[in-house]
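Worksheet for the structure shown next.
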Amino acid sequence: MEVWTGPDGLRVTAVPLDGAHRAWADFAGVPADATSAFLVTREGRPVGRGWYASIEDLAGLVDLASLTPAGP
């Protein structure tokens, strides 16, 4: 999984969708044919609906320029 961080405890994680992740993503409206999605949290709590299927969806919520890759 790739992780980026932003201001005020924002965290964006690219997540492969299987098992429990698939169930949560389905609940949040991610299309059934998506194989991965972005999970967006702030201090551990979902931001908006939490799961976003594309960069375009994510950009409507998060300033992508404010994100930096998280360290190992």
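Throughout, read-outs are computed from the coordinates displayed, never taken from laboratory work. Everything numeric here is computed off the predicted structure, so don't read it as measured data. Note that each Cβ is placed from the backbone with ideal geometry, even for glycine, and that neighbours are counted across all protein chains shown.
Structural remarks
- Any chance residue 50 is of a type outside the set (A, V, I, L, M, F, W, C) and in a strand (DSSP E or B): yes
- Number of residues in region 53-72 that are without any contact (Cβ under 8 Å) to a residue 60 or more places away in the chain and assigned to a loop (DSSP other than H, G, I, E, B) equals 8.
- Restricted to region 1-44, and to residues there that are of a type in the set (Val, Ile, Thr) and more than 15 Å from residue 71 (Cα to Cα), the residue that is farthest from the chain's Cα centre (by Cα) is 35.
- Failed condition for residue 4, given (1) touching a residue at least 40 places away in the same chain (Cβ under 8 Å); (2) in a loop (DSSP other than H, G, I, E, B); (3) among the hydrophobic types (A, V, I, L, M, F, W, C): (2)
- When residue 30 is tested against the conditions (1) part of a strand (DSSP E or B); (2) aliphatic (A, V, I, L, M); (3) in contact with a Phe, Trp or Tyr (Cβ under 6 Å, 6 or more places away or on another chain), the lone failure is (1).
- Hits in region 33-72 - residues which are under 14 Å from residue 9 (Cα atoms), surrounded by 12 or more Cβ atoms within 10 Å (Cβ to Cβ) and of a type in the set (D, E, K, R): 42
- The number of residues in region 8-22 being surrounded by 11 or more Cβ atoms within 10 Å (Cβ to Cβ) and assigned to a helix (DSSP H, G or I) comes to 3.
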